[in-house]
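So the structure is just underneath, and the comments pick up after that.
The values are calculated or read from the model by the stated rules, or taken from the named source; none is laboratory data. On a predicted model such as this, the values are computed, not experimentally measured, just so you know. Cβ: placed from backbone, ideal geometry, glycine included. Neighbour counts: every protein chain shown.
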Amino acid sequence: MAVTVADINKLRQQTGAGMMDCKKALEESGGDFEKAIDYLRKKGAKIAANRQDREAKEGYVLTKVKDNNKAILLSINCETDFVAKNQDFQSFAEEIANIAIEKFPSDVEALKKLPYNSDITVNDKLMEQIAKIGEKIEIGYYTPLEANYIVSYIHPGNRLAVLVAFSKAIDPEAARNIAMQVAAMAPVSIDKNDVPQEVLERELEIAREQVKQEGKPADMVEKIAQGKLNKFFKESTLLNQEYIKDNKMTVGQYLQSVDKDCKIVAFKRYSLS
């Protein structure tokens, strides 16, 4: 059957694919719209397979918070800044985030299996986007978070986003200030005791090597290395960092001044490199 301009436009509206791609899909499927959509998805999968070695370092990072106690942090990644700034791409990322906060999947693979609409899954839609754009498109990061009170911060430009979870509701401005602290200072943990053991060992080893290269006496190496580790705690653990809006206090002291009974129970931070 002959493919009409109206048919091509209808398929473009449904999939967002280019005119020539839609024309080809309809021709290959004999005018059957469902088969044409499948054709475009398969094309997306083929492009994805061919671009596996490409790096998707650009993208759009965002958060969604529901009822102040459930939240997700998501990054939809692509290859170029040009695509990342495209309104259609950003709208697609927002749609995936809305699905994620509503269904609250546990991980990326579970998110991909969720229905995007009544006909296709999130993963199917990713394939459509790849076919439409011609770049590697992937879920670069996803994490859900639940707590008594959660605040989010998205840095202008949507390249960095943060979630911070608290043990109880506190002043929203204070909570946001702490989220901005996490965004700006990239702590590795909440407090000293939360630093992963492998990070502690790596920092100590680096500190010992630095002390040795400085020519310090062998019996002083461990003591000086521990001092360097304490500096690491001050710079890299959230509660012990200097508060960015008042460096005369730590973040922990700032939180105590806001609500002495409130604790930070978790934070998530993701930034495009």
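Points worth noting:
- Extreme residue, modelled with the highest pLDDT, among residues of the stretch 1-41 that are in contact with an Asp or Glu (Cβ under 7 Å, 6 or more places away or on another chain) and outside any loop (DSSP other than H, G, I, E, B): 26
- Test: residue in the stretch 93-115 that is within 23 Å of residue 37 (Cβ to Cβ), within 17 Å of the chain's Cα centre (by Cα) and of a type in the set (Lys, Arg): yes
- Residue that is farthest from residue 21 (Cα to Cα) [pool: residues in the stretch 106-123 that are modelled with pLDDT of 90 or more and of a type in the set (D, E, K, R)]: 107
- Scanning the stretch 156-204 for residues that are surrounded by 18 or more Cβ atoms within 10 Å (Cβ to Cβ), modelled with pLDDT under 95 and under 23 Å from the mean Cα position of the chain (by Cα) yields one hit, 195.
- Tally of residues being over 24 Å from residue 90 (Cβ atoms) and of a type in the set (D, E, K, R) across the stretch 150-168: 1
- Meets criteria (surrounded by 17 or more Cβ atoms within 10 Å (Cβ to Cβ), among the aliphatic types (A, V, I, L, M) and either modelled with pLDDT of 95 or more or not in a strand (DSSP E or B) (or both)) for residue 145: yes
- Criterion: touching a Leu at 6+ places or on another chain (Cβ under 9 Å), under 18 Å from residue 37 (Cα atoms) and crowded, with 21+ Cβ neighbours inside 10 Å - qualifying residue of 122, 151: 122
- Scanning the stretch 213-269 for residues that are acidic (Asp, Glu) and farther than 26 Å from residue 161 by Cα gives 214, 219, 222, 261.
- Lone unmet requirement of (1) without any contact (Cβ under 8 Å) to a residue 12 or more places away in the chain; (2) surrounded by fewer than 15 Cβ atoms within 10 Å (Cβ to Cβ) for residue 210: (1)
- Residues that are closer than 30 Å to residue 78 by Cβ and among the polar types (S, T, N, Q), drawn from the stretch 230-273: 271, 273
- The helices (runs of 4 or more DSSP H) located wholly in the stretch 71-139 that include 2 or more residues which are farther than 26 Å from residue 155 by Cβ occupy 108-113, 122-133.
- Among the residues of the stretch 42-74, those identified as out of contact with any helix residue (DSSP H, G or I) (no Cβ under 8 Å at 6 or more places or on another chain) and at pLDDT 95 or above are 61, 67, 68, 69, 73.
- Among the residues listed as 134, 140, the single one being closer than 30 Å to residue 38 by Cβ, buried (at least 19 other Cβ atoms within 10 Å of the Cβ) and either of a type in the set (Gly, Ala, Ser) or not assigned by TED's automatic domain parsing to the domain that holds residue 98 (or both): 140
- Filter result for residue 182 (in contact with a strand residue (DSSP E or B) (Cβ under 6 Å, 6 or more places away or on another chain) and part of a helix (DSSP H, G or I)): yes
- Scope the stretch 247-273; condition more than 30 Å from residue 59 (Cα to Cα), surrounded by 13 or more Cβ atoms within 10 Å (Cβ to Cβ) and not hydrophobic (A, V, I, L, M, F, W, C); matching residues: 250, 252, 253, 254, 256, 259, 263
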